[in-house]
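Each reported figure results from applying straightforward, stated rules to the coordinates on display, with no laboratory input. Computed from a prediction, not measured in an experiment: that's the story for all the values here. Glycine also receives a Cβ, built like all others from the backbone with ideal geometry; neighbour counts cover every protein chain displayed.
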Amino acid sequence: MAPPASSPYRIPACLRDLVMVDLLELTGSTTAAAQLLNLSQPSVSRRYRSLADDLGLERQTQRPYGRRYSDADWMALLRRGVNRHRLSCGVLRIGGLPGLADGLQDCHWIQWVPLGRSAKKHWSQLLQLDLLDAVALESADGLEEGSASELLVQIEIRPATTPPLLLVCRRDPLILEIAGRYGNTLESG
C-alpha cells in the first residue's frame, strides 16, 4: 500500500473517462462533473458521448441515482478496479453537502464530491454502488433509518478549521484503514 497522500490525487489519463462516468452519476450534471475534473462542460459532454458509443452505454434519466449514466453490470467491475487504484494511493472519495468541504481543502487523502440535496437523500445507495467510499455528515442525525447499517462504519474526523465531521464509510478494509489514519471509529454497524 502506498503511503498516505501528501499531494492531491491525480486521476491517471487512462482512467479519467471511467471516473467521469462516476462523477456524472454522483453530480447528475456535466457542468458539475466538469468542475471536479477541471474540464469544460462541452468536453465532458463530448467525452461521455464518445465513451457511451464505444461501450454501448445509454443515459437513462428515469433510473435511480447511481444508475443513470452506466447501468451495465460490467461497469461495476470497472468501477471497482478504478477505485482500487485511488484507494491504493491512500485517497478516499467522500461526498457531502457543499458547505462541509470548507475545512477539508488541505486533506489530500480526500477526493471531495459535493452532493446536491436530492443526491444526499440517496447516499446509502451511492455507497453500496461503490460510487462513494464515505459520506460526510455533521452529525448522526443525518443517518437514514434502515440504511444498510451492517455495511457501514462511522468514523469521526476533526478537520483543522471546522467542527468534527462524521464519516459513514463502506465496510471495506482498505477504506477503513485509510479513514482510521485520520479519525476515530465510533460505531460499526
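Being touching a residue at least 60 places away in the same chain (Cβ under 8 Å), of a type in the set (Gly, Ala, Ser) and either assigned to a helix (DSSP H, G or I) or surrounded by fewer than 13 Cβ atoms within 10 Å (Cβ to Cβ) (or both) is the filter here, so list the residues in the range 26-60 that pass it. Step through it out loud before you land on a result.
Looking only at the range 26-60, we keep the residues that are touching a residue at least 60 places away in the same chain (Cβ under 8 Å), and these are 26-28, 32, 36.
Next, only the ones that are of a type in the set (Gly, Ala, Ser) stay: 28, 32.
ALA32, the sole residue that qualifies.
Look at (1) over 15 Å from the mean Cα position of the chain (by Cα); (2) part of a helix (DSSP H, G or I); (3) among the hydrophobic types (A, V, I, L, M, F, W, C) and you find that LEU100 fails only one, number (1). Tallying residues that are loosely packed, with under 15 Cβ neighbours inside 10 Å and of a type in the set (Ser, Thr, Tyr) within the range 70-94 yields 1. Of the residues LEU115, LEU18, LEU97, LEU23, the single one that is under 24 Å from ARG158 (Cβ atoms), among the hydrophobic types (A, V, I, L, M, F, W, C), surrounded by 12 or more Cβ atoms within 10 Å (Cβ to Cβ) and in contact (Cβ under 8 Å) with a residue 40 or more places away in the chain is LEU115.
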